[in-house]
Amino acid sequence: MFRYCILFILLFFSFFCFAQRDNLQQKLDSIESLRKLSRDSNLDMKLRLEHAQNASKLSLETKLDSTILRSNIILSYMYSDMDKGDLYKNTNLKNLILASKLNDSVAIANINYGLGYFYWEEAKTDSAYFHFYNAEKMFNALGDLRKEGEILLNIANIQETTKDYTGGEATAIRAISLMETLPTTERNLDTLWALYNLLGIISERFEQRDQALEYYQKSLDIASKMEYPLFYEFNSRNNIAFTLREKGELNTALEMFQELLDDKRLKQISPELFVIVMENDATTKFLNNNPDLNSIENQFREAYRVADSINDPTSKINVLGDWANFYYEINRYEEALKLNTENYNLAKESDNNDVVLKALKLMSQLEGGEKGKQYLDQYIHLNDSLIKNERAFRNKFARISFEVDKIEADNEQLSRQTLILTIVTIALLFSIVFIYIIITQRARNRKLQFIQKQQEANEEIYNLMLAQQDKIEEGRTHEKKRISEELHDGILGKLFGTRLSLDSLNLVQTEEAAKNRSHYIDQLKTIETEIRKISHDLNSDFVSDSSFIDIIKALIETQTTAYNLEFEFSNDDAIDWEEMPNKTKIHIYRMLQETMQNIYKHANASLVKISFQLKNNVILCAIEDNGSGFNVNKARKGIGLKNIDSRVKEIEGKAEIFSKIDTGTTIKIFIPVK
């Protein structure tokens, strides 16, 4: 019989496993179908996004990390294509954690690559650098030279933007050494062109213009090998002409600018570059002392019109800066000021601090006087701030590089340690089990000791409460004794003397005796007044039947005085506190103490109301304050509230908390009477 039971269990388990496997396979098939639909370019983008989101949700049900990661990566591509930047970022940050958990190097590298681009477009250069640097390390380890070279280009661009020209130059040269080992493809040529163009820009920043021309010429040679070279050739030729102008070779520069403008394809391929060439040509003509100032002015105006028509703030900024300088040089200050002000505002909106600096400097020259001095002060302040920021960025990049390299070294060390730990773990497994048993037993013993100490502490608290009650009783006894002595030694003595005097006078019926009797009657009235005074003292100084509730009153008065709180207190006379177990009274005392401390620390209250009511054999203790309140659903329980919960459970009661922001908090504690 037992054998049949075992066989039945095995068969049932096998059937269950097959059913689970079939269900999982169905989900995986559905996920793959949804992924394909999300990549179908014939479908509407919103529908494709919906398929990608459904694939991601269904993947979560499989609880397979690799499946979840793959679906989420596809979903992040959809967010990128639809310009949903925040969703793209948040999804990929989660993907990065999951890929790290799976130790998927390719996914880690690509996700960091994507996040680097995202932060670069958001102008968050430190975050972009961090993710690019991580991606470059991963692609280097994977041997993917193409992507490593592309990422080094991005890092070099970041360094150039933050004016780390030396670092950017070194990074670009390193990237070129990688890219030149790869096959001549359009993508690789694009990267090489960008790298040589960047080296030309950096050389121009260093005012090494002959070297800049060599780099630009190299980029021009690379462009000629490309399938679609025009955009790249136009850029390189414009950069060469600009550098020649800066070298003072104005006529050669003008010839090159004019050749570019005569090529009708330039404006079609890149209106932005067309604007730059027009503006460069107009500026160069002015620097070359071209006497036709109206023609130069009209060329600036046309360049601005084209920039405005394509709604390109960067192009407008470039034109406005040189146009304003042109007006300044020909002493048309009012027009120069107008253009420079527009340029300043556009540069501020675009966070183009280099242009803001130039605009402030020109503004100080145009305005003059006190106002000009203010612009000059702003220029100096901003320039100093930018220098500090650039230095901070370079330090931050160095720190990021150091920390990432350190993490890699730590990971290698960790891998070696993991192998050793695995061997040691297996060897110590039985020892750990044994130690666990011992620790568990000791923990139980400590728990019992703690409970015992807690009981002792509760008894000590109650003893202190009783001692306080004894002191009250002792004070009452002393006061009774004092009143007794006053009655015996004072009032009774006077009464006795007065009674004897009246008795003796009763035997004499003279006018003098009548006068004396009147005097003694007045003395009786005085004694009556003294008795009334003692009676008043008795009513004022003592409360009859002082008990547990007196201790509670003393606690409330002490705490509220210390915490600078007003209080209202009420007690239901129907509650028989004498019959209440000491354990319950101790917990009530401590809960009140804890609650008032919480009100003082957190509530910012000015009034606390405390009441005891007896309903249906249950004591309701209510503590209400008029403080700031809190969100009961969102608040995390602190030690105070946990202690109250623990004590309520100890007396088999129940606690409820009601709170409203800016109104106050009410705590209701229900205590069963046994």
### Query
Just for the range 233-255: of the residues that are surrounded by 21 or more Cβ atoms within 10 Å (Cβ to Cβ) and among the hydroxyl-bearing types (Ser, Thr, Tyr), which one is nearest to residue 287 (Cα to Cα)?
243
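I'd like to know if the range 35-42 contains one or more residues that are in contact (Cβ under 8 Å) with a residue 24 or more places away in the chain and of a type in the set (Ser, Thr, Tyr).
Just the residues of the range 35-42 that are in contact (Cβ under 8 Å) with a residue 24 or more places away in the chain, to begin with: 35, 38-39.
Those still in the list that are of a type in the set (Ser, Thr, Tyr) too: 38.
Looking for residues that are in contact (Cβ under 8 Å) with a residue 24 or more places away in the chain and of a type in the set (Ser, Thr, Tyr), one finds at least one in the range 35-42, hence yes.
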### Query
Do we have any residue at all in the range 59-77 that's surrounded by 10 or more Cβ atoms within 10 Å (Cβ to Cβ), modelled with pLDDT of 90 or more, in contact with an Asp or Glu (Cβ under 9 Å, 6 or more places away or on another chain) and among the aromatic types (Phe, Trp, Tyr)?
no
#### Entry: Failed item in (1) over 42 Å from the mean Cα position of the chain (by Cα); (2) farther than 21 Å from residue 650 by Cα; (3) among the aromatic types (Phe, Trp, Tyr), with residue 577 passing the rest
(2)
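Where residues in the range 121-134 are in a helix (DSSP H, G or I) and over 12 Å from residue 151 (Cα atoms), which of them is nearest to the chain's Cα centre (by Cα)? Please lay out each step first, then the result.
Taking the range 121-134 and keeping what is in a helix (DSSP H, G or I), we get 121, 125-134.
Still in the running and over 12 Å from residue 151 (Cα atoms): 121, 125-127.
On the way: 121: 23, 125: 20, 126: 18, 127: 16 Å.
It comes out as 127.
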### Task
Note down all Cβ pairs under 8 Å where the first residue falls in the range 137-157 and is closer than 11 Å to residue 195 by Cβ, the second is not in a helix (DSSP H, G or I), and they're at least six residues apart or on different chains.
149/182
### Meets criteria (surrounded by fewer than 13 Cβ atoms within 10 Å (Cβ to Cβ), under 35 Å from the mean Cα position of the chain (by Cα), in the same structural domain as residue 576 (by TED's automatic domain parsing) and free of Cβ contacts under 8 Å to residues at least 24 places away in the same chain) for residue 646
yes
### Query
Can you tell me which residue in the range 603-617 is modelled with the highest pLDDT, limited to those that are under 31 Å from the mean Cα position of the chain (by Cα) and surrounded by 17 or more Cβ atoms within 10 Å (Cβ to Cβ)?
605
### Pick from the range 560-578, criterion without any contact (Cβ under 8 Å) to a residue 40 or more places away in the chain and in a helix (DSSP H, G or I), ranking: surrounded by the fewest Cβ atoms within 10 Å (Cβ to Cβ)
578
### Query
What residue, of 667, 657, 671, 651, is free of Cβ contacts under 8 Å to residues at least 40 places away in the same chain, aliphatic (A, V, I, L, M) and touching a strand residue (DSSP E or B) at 6+ places or on another chain (Cβ under 9 Å)?
657
### Message
List pairs: first residue in the range 167-182 and more than 14 Å from residue 145 (Cα to Cα), second residue not in a helix (DSSP H, G or I) anywhere in the structure, Cβ distance under 9 angstrom, at least six positions apart or on different chains.
### Response
168/162; 169/206
### Task
Specify the residue that is surrounded by the fewest Cβ atoms within 10 Å (Cβ to Cβ); the eligible residues are those in the range 263-303 that are among the aromatic types (Phe, Trp, Tyr) and in contact with a Phe, Trp or Tyr (Cβ under 7 Å, 6 or more places away or on another chain).
286
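Quick grid of which residues meet (1) within 19 Å of residue 75 (Cβ to Cβ); (2) out of contact with any Pro (no Cβ under 9 Å at 6 or more places or on another chain); (3) at pLDDT 90 or above:
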{"position": "5", "(1), (2), (3)": "no, yes, no"}
{"position": "8", "(1), (2), (3)": "no, yes, no"}
{"position": "13", "(1), (2), (3)": "no, yes, no"}
{"position": "21", "(1), (2), (3)": "no, yes, no"}
{"position": "30", "(1), (2), (3)": "yes, yes, yes"}
{"position": "35", "(1), (2), (3)": "yes, yes, yes"}
{"position": "42", "(1), (2), (3)": "no, yes, yes"}
{"position": "48", "(1), (2), (3)": "yes, yes, yes"}
### Query
Which fully enclosed helices (runs of 4 or more DSSP H) of the range 255-312 have 3 or more residues being closer than 24 Å to residue 349 by Cβ?
271-287, 293-309
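The values are calculated or read from the model by the stated rules, or taken from the named source; none is laboratory data. Please read all numbers here as calculations on a predicted model, not as lab measurements. Cβ coordinates were reconstructed from backbone atoms using ideal geometry, including for glycine residues, and neighbour counts include every protein chain displayed.
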